[in-house]
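S.K.: Have a look at this one before I ask anything.
The values are calculated or read from the model by the stated rules, or taken from the named source; none is laboratory data. None of the values given here were measured: they were computed from a predicted structure. Here the Cβ positions follow ideal geometry from the backbone for every residue, glycine too, while neighbour counts run over all protein chains shown.
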Amino acid sequence: MLCIAFVPGGALVVVAVVIAFLLVHQANRTRDSAMDAADAAGRTARVVVDLQGQRSEAMSAPDQRTAAYANFTQRIDSAIAGLREYTRRAPDAESAYQQTTAVELLSVAEGMDRSDSLALAGIDGVTRRPFTEAVAAYRTELDRIAPQLTESGRIAYESLTRSADWSRLAAAEDAFAAGEPLPIPESTWRSAAYTVSQQLGVLYSQQSQYAVQLTLDDGRRTLAGAIAASSALLLGAGLLLVVVRRLVARVPVPVVPIMVPTMQAAIPRPRHARLRRPRVPEPWPMKAVLDDLRRR
């Protein structure tokens with residue numbers, strides 16, 4: 001019985017080890033994916049900021065304005081597209097969804113900086129259309145993304161869109177698109193543009209950190225599940241062996257008598273050669289004569 005119990009007990013141990021190995025491997029992959037996503041998001045954000053600064057400097061020259069705008073805008077779009085492609089390798093659908101939302105916020109921030117670069121360089125007949133399209137695109141995209149944000153993200157979005165800086169920037173952008181003079185001082189416009197750009201960057205940073213933390217939490221849950229499942233299976237195997245061992249101890253052991261074989265001749269003798277039963281010897285005749293003489 002004890003040997004038979006080792007079969008399911010050993011099977012449970014093997015299953016526990018296999019499940020633990022697979023779940024721990026999955027947890028490590030999830031953690032590595034989260035760290036890679038954080039590195040990729042931070043790296044892409046730094047690249048975008050650097051390219052935006054270079055675009056503003058290059059567009060300061062009037063004769064290179066159009067070429068510099070097209071060149072750096074294409075490079076920034078390629079960097080954001082690479083990050084968007086990276087989010088498709090997220091470990092689960094929820095993490096991919098949150099990371100995609102963060103990438104879209106980065107695209108909104110780039111759209112706002114793109115329109116600001118055009119306005120800062122000077123709006124003319126050539127750049128007015130790209131400026132109007134950039135402004136409309138980032139405003140529409142931000143309104144579309146807002147319902148997808150976390151609770152803290154929606155609060156920050158509402159705080160931004162209801163702020164005075166957002167209204168001042170919107171008034172300046174509408175004036176540039178219509179070819180009208182600025183309704184506010186230039187310093188106020190530049191201050192409002194800087195504040196809105198910073199707030200959009202904060203929105204992207206919060207959403208990206210939330211997506212990474214969500215992936216890390218999923219990895220921790222997977223690791224905890226691996227430990228719990230393996231421990232439960234190992235405990236079950238141990239209890240099975242203990243119960244069977246106690247049952248075996250209560251089973252009465254039958255006493256088998258020990259039979260000692262008698263010693264016999266190696267080669268049995270034939271029947272006719274066996275010794276006959278000894279007979280009582282007859283008295284000696286001479287002794288009988290002597291006894292008779294003594295009696296006389």
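S.K.: Out of all the residues in the range 178-189, which are under 20 Å from TYR138 (Cβ atoms) and without any contact (Cβ under 8 Å) to a residue 12 or more places away in the chain?
M.R.: Listed by number, the residues that qualify are ALA178, LEU182.
S.K.: Let me ask another. Is it the case that ILE155 is in a helix (DSSP H, G or I), modelled with pLDDT of 90 or more, exposed (fewer than 14 other Cβ atoms within 10 Å of the Cβ) and among the hydrophobic types (A, V, I, L, M, F, W, C)?
M.R.: yes
S.K.: Scan (1) in contact with a Lys or Arg (Cβ under 9 Å, 6 or more places away or on another chain); (2) in a helix (DSSP H, G or I); (3) over 18 Å from SER208 (Cα atoms) for the single condition VAL126 breaks and write down its number.
M.R.: Among (1) in contact with a Lys or Arg (Cβ under 9 Å, 6 or more places away or on another chain); (2) in a helix (DSSP H, G or I); (3) over 18 Å from SER208 (Cα atoms), VAL126 violates only (2).
S.K.: Still on this model: Would you call GLY179 under 20 Å from SER56 (Cα atoms) and at pLDDT below 90?
M.R.: no
S.K.: Among (1) in contact with a helix residue (DSSP H, G or I) (Cβ under 8 Å, 6 or more places away or on another chain); (2) over 18 Å from TYR204 (Cα atoms), where does GLY125 come up short?
M.R.: For GLY125, the failing item is (1).
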